[in-house]
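Just so it is clear, none of the values below were taken in a lab; they were calculated from the coordinates. Nothing here was measured: the structure is a model prediction, and the numbers come from that model. For neighbour counting, all protein chains shown are included, and Cβ atoms are generated from backbone atoms with ideal geometry for every residue, glycine included.
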Amino acid sequence: MAGDNSIVLGDWRLTAVVTSPPWYENCYLVRHEPSGEIAVVDPGGDADVINARIADLGGKLAAVLLTHGHFDHLGGVADVQARYDVPCRAHVEEKVIIDRAPQWAQSMMAGGVKPPGRCEYFESDAKLSLGGAPIAVHFTPGHTPGGVCYDFGPFVLTGDTLFAEGVGRTDFPGGNGPQLVKSITDFLARLEPDVLLFSGHGPQWSAEEARHWWSQMAPYI
């Protein structure tokens, strides 16, 4: 799925908004069709575009969810919150990354990002929901200390933990290569083969495709 296309998977409508260069980050809008509640996952920039797409979907924005705290995934959070007054939710181990995101953005791109407003941090055993439907949280540290994947049943949003035939970098502060390998191995073992995986950058693929690729690549990562 590319651009700002939408697909319906079970009770969910998933819309991707690809942010501007140089990051081309995949922000996802997830709408629970029976209730109309919406979550925005990783609004990395282009908040005006994201806010417009939220309005187009109708319903009610309930929260911003972060897979991790790198600035290319949270650069639009503050502006989304300013319009919709919703909390930003992330794993508690990610707080240190989120707190430092504006400084890292300044050093890496000669420009800052606004820090998120109200943040609510959850533990690894958190039970999240949207419109009364459960969202399973897979704790997948390695790219960052508090990285997570959000599991909606027929699809999972994997952030920068796992891309289509790629994995997140571990050479940034807080990264841990062996930990990421374990996280991905454990994560993929939990999924049914037809589950679709949507990452923070690039195209989608299936859990079956990911497991096949991972079985070949993991020993060399």
Exercise. Can you pull out the residues in the range 55-69 that are buried (at least 22 other Cβ atoms within 10 Å of the Cβ) and not in a strand (DSSP E or B)?
Worked result: Leu66, Thr67, His68, Gly69
Exercise. Going through the range 96-131 one residue at a time, which ones are part of a helix (DSSP H, G or I) and more than 16 Å from the chain's Cα centre (by Cα)?
Worked result: Val96, Asp99, Arg100, Pro102, Gln103, Trp104, Ala105, Gln106, Ser107, Met108, Met109
For this session: Among what's in the range 188-221 and is surrounded by 16 or more Cβ atoms within 10 Å (Cβ to Cβ) and of a type in the set (Ser, Thr, Tyr), pick the residue that is nearest to Trp23 (Cα to Cα).
Result: Ser199
Exercise. Out of all the residues in the range 152-162, is one or more β-branched (Val, Ile, Thr) and farther than 22 Å from Tyr24 by Cβ?
Worked result: no
Exercise. Taking the range 70-95 on its own, how many of its residues are within 21 Å of Pro21 (Cβ to Cβ) and not in a helix (DSSP H, G or I)?
Worked result: 3
Exercise. From Ile50, Ile38, Ile7, which residue is under 16 Å from the mean Cα position of the chain (by Cα), among the β-branched types (Val, Ile, Thr) and more than 17 Å from Gly159 (Cβ to Cβ)?
Worked result: Ile38
For this session: Report the residue count in the range 146-187 for those that are crowded, with 21+ Cβ neighbours inside 10 Å and in a helix (DSSP H, G or I).
Result: 4
Seminar exercise, completed: Result of the Cβ filter at 7 Å on the range 191-218, keeping first residues that are farther than 24 Å from Cys27 by Cα and partners that are among the β-branched types (Val, Ile, Thr), at least 6 apart or interchain, is Trp214/Ile184; Ala218/Val181; Ala218/Thr185
Exercise. Are there any pairs with C-beta distances below 8 angstrom linking a residue in the range 25-39 that is in contact (Cβ under 8 Å) with a residue 24 or more places away in the chain to a residue that is part of a loop (DSSP other than H, G, I, E, B) and among the acidic types (Asp, Glu), with the two at least 6 apart or on different chains, and if so which?
Worked result: Glu25/Asp42; Asn26/Asp42; Cys27/Asp42; Cys27/Asp46; Tyr28/Asp42; His32/Asp11; Glu33/Asp11; Pro34/Asp11
Seminar exercise, completed: When Pro43 is run through (1) in contact with a Cys (Cβ under 6 Å, 6 or more places away or on another chain); (2) surrounded by fewer than 24 Cβ atoms within 10 Å (Cβ to Cβ); (3) of a type outside the set (Phe, Trp, Tyr), the failure sits at (2)
